[in-house]
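Visitor: Take this structure, written in structure tokens, and hold onto it; I'll ask about it next.
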Amino acid sequence: MKIKLIKSSHAVGESNYHLVLTPAYRQDIFVDKLVRELTLAYVLSKLKELKIEMLAYNFGPDHLHIFVSNA
């Protein structure tokens with residue numbers, strides 16, 4: 001993976017974030033394949049709207065891991 005640096009008037013760098021999204025009471029909703037597909041489609045559309053790049057994702061039975069970058 002090539003490193004993309006963001007340049008501004010005062011700084012140069014990159015920002016990567018690891019997000020963990022969980023439903024209320026950590027219910028096992030991501031066991032259902034349709035729920036996983038719909039959730040991923042929604043997250044991808046919002047990330048595209050915000051111009052954020054998804055580098056990786058993974059579902060557990062009760063959570064979603066997303067690794068994103070601002071590049």
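The values are calculated or read from the model by the stated rules, or taken from the named source; none is laboratory data. Keep in mind that what you see is a predicted model, and the values were worked out from it rather than measured. Note that we place each Cβ from the backbone using ideal geometry, even for glycine, and neighbour counts take in every protein chain shown.
Visitor: Please identify the pairs in which a residue from region 24-48 that is free of Cβ contacts under 8 Å to residues at least 40 places away in the same chain and assigned to a helix (DSSP H, G or I) has its Cβ atom under 7 Å from the Cβ atom of a residue that is surrounded by 11 or more Cβ atoms within 10 Å (Cβ to Cβ) and polar (S, T, N, Q), counting only partners at least 6 apart or on another chain.
Guide: Sorted first by the residue in region 24-48, then by its partner, the list stays empty.
Visitor: Can you tell me how many residues in region 13-22 are among the polar types (S, T, N, Q) and surrounded by 11 or more Cβ atoms within 10 Å (Cβ to Cβ)?
Guide: Initial filter on region 13-22 (among the polar types (S, T, N, Q)): 15-16, 22.
Checking the rest, the ones that are also surrounded by 11 or more Cβ atoms within 10 Å (Cβ to Cβ) come to 16, 22.
Going through region 13-22 one residue at a time, the tally reaches 2.
Visitor: Within region 43-54, which residues are exposed (fewer than 13 other Cβ atoms within 10 Å of the Cβ) and of a type in the set (D, E, K, R)?
Guide: Passing the criteria: K46, K48, E49, K51.
Yes/no matrix, rows are residues, columns are (1) of a type in the set (V, I, T); (2) at positive phi; (3) modelled with pLDDT of 95 or more; (4) surrounded by 11 or more Cβ atoms within 10 Å (Cβ to Cβ):
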residue: A11; (1), (2), (3), (4): no, no, no, no
residue: A24; (1), (2), (3), (4): no, no, no, no
residue: V35; (1), (2), (3), (4): yes, no, yes, yes
residue: A41; (1), (2), (3), (4): no, no, yes, no
residue: A56; (1), (2), (3), (4): no, no, yes, no
residue: H65; (1), (2), (3), (4): no, no, yes, yes
residue: N70; (1), (2), (3), (4): no, no, no, yes
